[in-house]
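Remarks on the structure that follows.
The values are calculated or read from the model by the stated rules, or taken from the named source; none is laboratory data. Here the structure is a predicted model, which means the values were calculated and not measured. Positions of Cβ are backbone-derived with ideal geometry, glycine not excepted, and every protein chain shown enters the neighbour counts. The accessibility values were calculated without ligands, DNA or RNA, using every heavy atom of the protein model including side chains. Shrake-Rupley method; radii C 1.70, N 1.55, O 1.52, S 1.80 Å.
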Amino acid sequence: MSQNETMFIDEENFKSLLCQRLVECGWMDEVTMLCKEKLKDRLSKGHTVQSITEDDLFNDVAPDARRMLPDTIKRELKVKVQNTLLQTAGYFDETDSES
């Protein structure tokens, strides 16, 4: 398997793991509630649903959503990415990373 194929597979695994962790810790539910709050806020200021774009909502929610991301998840994924990069570069094999 080529290095590019390995990185693509790992990227998919990282995305899957991230989504799983975000659901497990309740972050997804919190961001959903935040989206509803921001939407209500815009509607209360006279905007219509049709006038609110996805970009508007994203720009309203993203800063708070990023702050709400648990540090444990950030650390876990950082370590997994680092280990994958080191393994791909040949610094250690899979048996070294399990210890």
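Residue count for segment 1-14, restricted to those that are exposed (fewer than 11 other Cβ atoms within 10 Å of the Cβ) and either modelled with pLDDT of 95 or more or not in a loop (DSSP other than H, G, I, E, B) (or both): 4. Within segment 63-84, being more than 18 Å from Leu17 (Cα to Cα) and surrounded by fewer than 12 Cβ atoms within 10 Å (Cβ to Cβ) holds for Pro63, Arg67.
Taken together, the criteria exclude Arg21 from residues that are more than 29 Å from Leu77 (Cα to Cα) and assigned to a helix (DSSP H, G or I). Given the structure, is Arg21 over 18 Å from the mean Cα position of the chain (by Cα), surrounded by 13 or more Cβ atoms within 10 Å (Cβ to Cβ) and at pLDDT 95 or above? In short, no. For segment 44-57, a residue qualifies if it is open to solvent by 70 Å² or more (accessible area, probe 1.4 Å) and assigned to a helix (DSSP H, G or I), and the qualifying residues are Ser44, Val49, Gln50, Glu54, Asp55. Filtered by the rule that a residue be more than 10 Å from the chain's Cα centre (by Cα) and either assigned to a helix (DSSP H, G or I) or of a type in the set (D, E, K, R) (or both), segment 66-77 gives Arg67, Met68, Asp71, Thr72, Arg75, Glu76. With respect to (1) modelled with pLDDT of 95 or more; (2) not in a helix (DSSP H, G or I), the lone exception for Ser99 is condition (1). Name the residues in segment 42-87 that are acidic (Asp, Glu) and without any contact (Cβ under 8 Å) to a residue 12 or more places away in the chain, would you? Selection gives Glu54, Asp55, Asp71.
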